[in-house]
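J.: Let me begin by handing over the structure; questions about it come next.
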Amino acid sequence: MAEHVRIEDLGSHTGQEVLLRGWLYNKRGSKKIQFLEVRDGSGIVQAIVGLRDVDEETFEAAKHLAQESSIEIQGVVNEHPKRPGEYELHTKALRLIAEPTEEYPITPKEHGVDFLMDHRHLWLRSRRQHAILRVRAEVIAAVRAYFDDNGFTLVDAPIFTPNACEGTSTLFETDYHGDTAYLSQSGQLYMEAAAAALGKVYCLGPTFRAEKSKTRRHLAEFWMVEPEVAFMDLEGDMALAEDFLVHIVARVLDRRAKELEILERDTSKLEMVKGPFPRLRYEDAITLLQSKGVDTKIGDDFGGDDETIIAESFDRPVIVTHYPAAIKAFYMKRDPEDERWALGMDVLAPEGYGEIIGGGVREESLDVLDARIRAHDLPIEAFDWYRDLRKYGSFPHAGFGLGIERTVAWICGLKHVRETIPFPRMLNRLHP
Ligand code: 4AD
Ligand code: MG
């Protein structure tokens, strides 16, 4: 029997007879010849079934093959006559493994996004979704490689947590053996503990926000990578975020060019993602917005539109620093030179993708931290362990969180984050 080969490896088997296993993606043909588009997860290839090359039974089977039938094809690999570097299969034998019991609901015609989202488990089988999932996997691989190669230790943060990290209004609450637990909004507080143990650490995992936001940038469950570094200041935090982002984009451009082409991404915009990124204080960002006729004032948080307008003034990601302390989380250190501002930074992606990174310097004084916990109306008991980090060798430290889905949406050039995660969880969606 011929060797089983994956579609992506067909190139090294030209002239040979191989075995392919996969699903029928699409089909066209005539009385004498059938062209089967077959996918196996590693790619899509055209299998040609000629009336004269197979027995009549096989030809009839090919002719009546339904979309998404699982099949096994034996055939000879040839380079595509017109497209060098592409291959096709000249079928000798075809075996139907399983015929769909019902007509496949996703046809090559256009479907509405709600319909597709309801069929997300099947929608993943389509060419665009393959490309997006591969870019996502590459982004995550790039994230891991960057930190692993730069002296960071991966430290996994818990998902059940006893306290809020990013404000109490967006907590998912759950019963925990009679106590209340919350699904983690961020691993940061745990990374601060880990940074005191290991110096340079990061976590990567799912995080949860119960906000009732129905925007193209919000998910209820999203993946975040969060580095935290002992003795790092705001300058160091910005330099790390910049170098990290440049590395991710460069790796995806290098290794996922084919996927970006399928997504029709204008990669010239991504080629611009080189350091140094422009840095802008919040106050100057407000001035910039006002100069464009926006009525956002000092003290306001930026909405998605504000972020888009700020980012439009630059050809690469922009770092905004020194936000008003009043709109930032309890743990953020204030600027000792002017307490109105927090030593925080956000990185805004170009082309309207908004904030992809948020982070900054953490408050290291126990007294100040306690005052902030109270001012934010947070239960001080829940933070006893976090306060300990300020008791035993308190240390300046900083870090940030990068949202994987917003980053993938930007790199792929997708309007909405919902397609960047295999099974999105949103305000109105828990299915499939
Ligand atoms: O700005 P955020 O809320 O920061 C934190 O959680 C910090 N504790 C991180 C840290 O310093 N370790 O979130 C960080 C990033 C955002 O910039 C955005 O990319 C993403 O997480 N994000 C979301 N992505 C999708 N849906 C949501 N609802 C998101 N909320 C935040
Ligand atoms: Mg933020």
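Per-residue answers, yes or no, for (1) under 25 Å from ILE262 (Cα atoms); (2) over 28 Å from the mean Cα position of the chain (by Cα); (3) surrounded by fewer than 17 Cβ atoms within 10 Å (Cβ to Cβ):
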position	(1), (2), (3)
SER12	yes, yes, yes
LEU24	yes, yes, no
LYS27	yes, yes, no
LEU36	yes, yes, no
SER42	yes, no, yes
VAL45	yes, no, no
VAL49	no, yes, no
ARG52	no, yes, yes
ASP55	no, yes, yes
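J.: For the range 214-245, name all the residues that are surrounded by fewer than 17 Cβ atoms within 10 Å (Cβ to Cβ) and closer than 21 Å to ALA195 by Cα.
T.: PHE231, ASP233, GLU235, GLY236, ALA239, ASP243
J.: Oh, and also: Quick test for you: out of ALA197, ALA241, pick the one residue that is in a helix (DSSP H, G or I) and within 16 Å of ligand 2 (Cβ to nearest atom).
T.: Working: ALA197 fails: within 16 Å of ligand 2 (Cβ to nearest atom).
Being in a helix (DSSP H, G or I) and within 16 Å of ligand 2 (Cβ to nearest atom) holds for just one of ALA197, ALA241, which is ALA241.
J.: Residue check, GLU283 against (1) buried (at least 20 other Cβ atoms within 10 Å of the Cβ); (2) over 29 Å from ILE132 (Cβ atoms), all met but one. Which one?
T.: All conditions are met except number (1).
J.: Can I ask one more? Which one of these is within 18 Å of the chain's Cα centre (by Cα) and either at pLDDT below 95 or more than 9 Å from ligand 1 (Cβ to nearest atom) (or both): VAL347, VAL408, VAL361?
T.: VAL408
J.: Filter the range 166-189 for residues that are assigned to a helix (DSSP H, G or I) and modelled with pLDDT of 95 or more; which is farthest from ligand 1 (Cβ to nearest atom)?
T.: Filtering first and then ranking leaves LEU189.
J.: Against the condition more than 30 Å from ASP377 (Cα to Cα), aliphatic (A, V, I, L, M) and either crowded, with 18+ Cβ neighbours inside 10 Å or touching a residue at least 60 places away in the same chain (Cβ under 8 Å) (or both), how does VAL155 come out, does it pass?
T.: On the way: more than 30 Å from ASP377 (Cα to Cα): no; aliphatic (A, V, I, L, M): yes; either crowded, with 18+ Cβ neighbours inside 10 Å or touching a residue at least 60 places away in the same chain (Cβ under 8 Å) (or both): yes.
Taking the combined requirement at face value, the residue does not satisfy it.
Rundown of residues vs (1) closer than 18 Å to HIS121 by Cα; (2) among the aromatic types (Phe, Trp, Tyr); (3) within 16 Å of ligand 2 (Cβ to nearest atom), yes/no style:
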{"site": "ARG387", "(1), (2), (3)": "no, no, no"}
{"site": "ARG390", "(1), (2), (3)": "no, no, no"}
{"site": "GLY393", "(1), (2), (3)": "no, no, no"}
{"site": "ILE404", "(1), (2), (3)": "no, no, yes"}
{"site": "ILE411", "(1), (2), (3)": "no, no, no"}
{"site": "ILE421", "(1), (2), (3)": "yes, no, no"}
{"site": "LEU427", "(1), (2), (3)": "no, no, no"}
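J.: Of everything in the range 317-360 that's among the aromatic types (Phe, Trp, Tyr) and over 18 Å from ILE286 (Cβ atoms), which residue is surrounded by the fewest Cβ atoms within 10 Å (Cβ to Cβ)?
T.: Top of the filtered list is PHE330.
J.: Which condition from (1) closer than 28 Å to THR420 by Cα; (2) in a strand (DSSP E or B) is the one that LEU96 breaks?
T.: Going through (1) closer than 28 Å to THR420 by Cα; (2) in a strand (DSSP E or B) one by one, LEU96 breaks only (1).
J.: Of the residues LEU133, LEU198, which is out of contact with any His (no Cβ under 7 Å at 6 or more places or on another chain) and within 16 Å of ligand 1 (Cβ to nearest atom)?
T.: From the options LEU133, LEU198, the qualifying one is LEU198.
J.: Filter the range 140-152 down to the residues that are closer than 28 Å to TYR182 by Cα and out of contact with any Phe, Trp or Tyr (no Cβ under 6 Å at 6 or more places or on another chain), then identify the one that is surrounded by the fewest Cβ atoms within 10 Å (Cβ to Cβ).
T.: ARG144
J.: Considering only the range 118-153, state which residues are of a type in the set (Phe, Trp, Tyr) and in a helix (DSSP H, G or I).
T.: TRP123, TYR146, PHE147 - these are the residues of the range 118-153 that are of a type in the set (Phe, Trp, Tyr) and in a helix (DSSP H, G or I).
J.: Which of the residues belonging to the range 156-190 are over 20 Å from the mean Cα position of the chain (by Cα), away from ligand 2 (no atom under 16 Å from the Cβ) and within 21 Å of PHE395 (Cα to Cα)?
T.: TYR190
J.: For the range 341-376, which positions are among the small types (Gly, Ala, Ser), more than 16 Å from ligand 2 (Cβ to nearest atom) and closer than 18 Å to VAL229 by Cα?
T.: Selection gives SER365 alone.
The values are calculated or read from the model by the stated rules, or taken from the named source; none is laboratory data. For clarity, every value in this text was computed on a predicted model and none was experimentally measured. Note that we place each Cβ from the backbone using ideal geometry, even for glycine, and neighbour counts take in every protein chain shown.
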